[in-house]
Amino acid sequence: MDGTAMGHREQLLAGAKKCLLDKGYARTTARDIVAAAKTNLGSIGYHFGTKDALMNAALVQATEEWAAGIAQLLADSEAMDATATPLERFEASWPRVLELFEQHRALWVTQFEVLTQLHHSPELRPYFSAAQEGARRALATLLRLIDPAADERSVRSAGSFALAMLFGVIAQWLVDPGKAPHGRDLADAVRAVAGAGQAMPVHS
């Protein structure tokens with residue numbers, strides 16, 4: 001493949017990603033993409049086969065960029081006070097996560113849009129499944145819910161909990177940012193649930 005052809009592929013990805021974030025998954029047309037990419041309709045078929053395949057590739061690329069941001073947050077968090085308790089570290093990490101969400105708000109709007117289409121677009125499931133697997137471990141470690149060296153089952157359980165919180169918090173931010181929970185709210189909730197669990201009687 002010559003340099004021009006390779007350039008067209010990257011242009012298409014960049015154009016599709018721009019449309020994805022500006023217009024959303026379902027409202028983007030092939031003509032929108034080639035206009036943004038400054039290429040032609042034939043380029044989509046040559047490089048990706050279909051418009052949907054190109055959109056999926058652009059969504060994966062955008063999600064990987066968000067994941068790279070999470071990885072950077074994880075690296076930065078290593079400098080956090082070593083004397084803090086796990087729950088204090090959990091509370092202190094959330095502002096960083098929400099800041100990253102603000103930087104990628106359009107991506108998360110699109111993610112929620114695509115989630116509603118998975119039933120009709122099963123080809124998207126492998127992309128989301130792979131992204132979720134990576135996000136589970138990254139979030140569980142970032143939020144100090146688990147030792148990274150813990151067994152896989154423990155990491156997955158803690159990561160699934162973190163991912164559920166993340167999606168829930170982001171959904172609330174999209175509806176009303178002023179009333180969405182912050183780190184302290186979530187930490188207080190964890191304390192309350194843990195305290196309630198310890199107070200519950202044990203049945204034989």
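Between Asp176 and Ala192, the simple label model (points 7 Å from Cα in the Cβ direction) yields a spacing of 1.6 nm.
As a check on your grasp of the helix formula, calculate [θ] at 222 nm for the chain: sum -39500 (n - 2.57) over DSSP H runs of n ≥ 4, divide by the residue count, round to the nearest 500. Can you show the working numbers first?
Working: 9 runs with 152 residues, N = 204.
Rounded to the nearest 500, it is -25000 deg cm²/dmol.
How would you classify segment 4-58 from its alpha-carbon gyration tensor, with a ≥ b ≥ c the square roots of the eigenvalues: rounded for a/c under 1.5, else prolate if a/b is greater than b/c, otherwise oblate? Spell out each step's value before the answer.
On the way: a/c = 1.70, a/b = 1.48, b/c = 1.15.
Cα axes put segment 4-58 in the prolate bin.
For the residues Lys23, Lys38, Lys18, a 1.4 Å probe over the protein chains yields an accessible-area ranking, largest first, of Lys38, Lys18, Lys23. At a probe size of 1.4 Å, how large is the accessible area of Leu87, to the nearest 10 Å²? The value for Leu87 is about 50 Å².
Full extension of the segment from Asp147 to Glu99, taken as 0.36 nm per residue of separation minus the current Cα-Cα distance, would add 14.9 nm.
Surface calculation, 1.4 Å probe, protein heavy atoms: Met55 sits at approximately 0 Å² accessible. Within the full protein context, the accessible area of Arg27 is estimated at about 150 Å² for a probe radius of 1.4 Å. Ignoring aspartates and glutamates fewer than eight residues from Lys38 along the same chain, the ones with Cα atoms less than 20 angstrom from its Cα are Asp2, Glu10, Asp22, Asp52.
The values are calculated or read from the model by the stated rules, or taken from the named source; none is laboratory data. Computed from a prediction, not measured in an experiment: that's the story for all the values here. Backbone-built Cβ (ideal geometry, glycine too); neighbour counts: all protein chains shown. The protein model used for the area step is the full one, side chains on, heavy atoms only, and it has no ligands, DNA or RNA in it. Shrake-Rupley method; radii C 1.70, N 1.55, O 1.52, S 1.80 Å.
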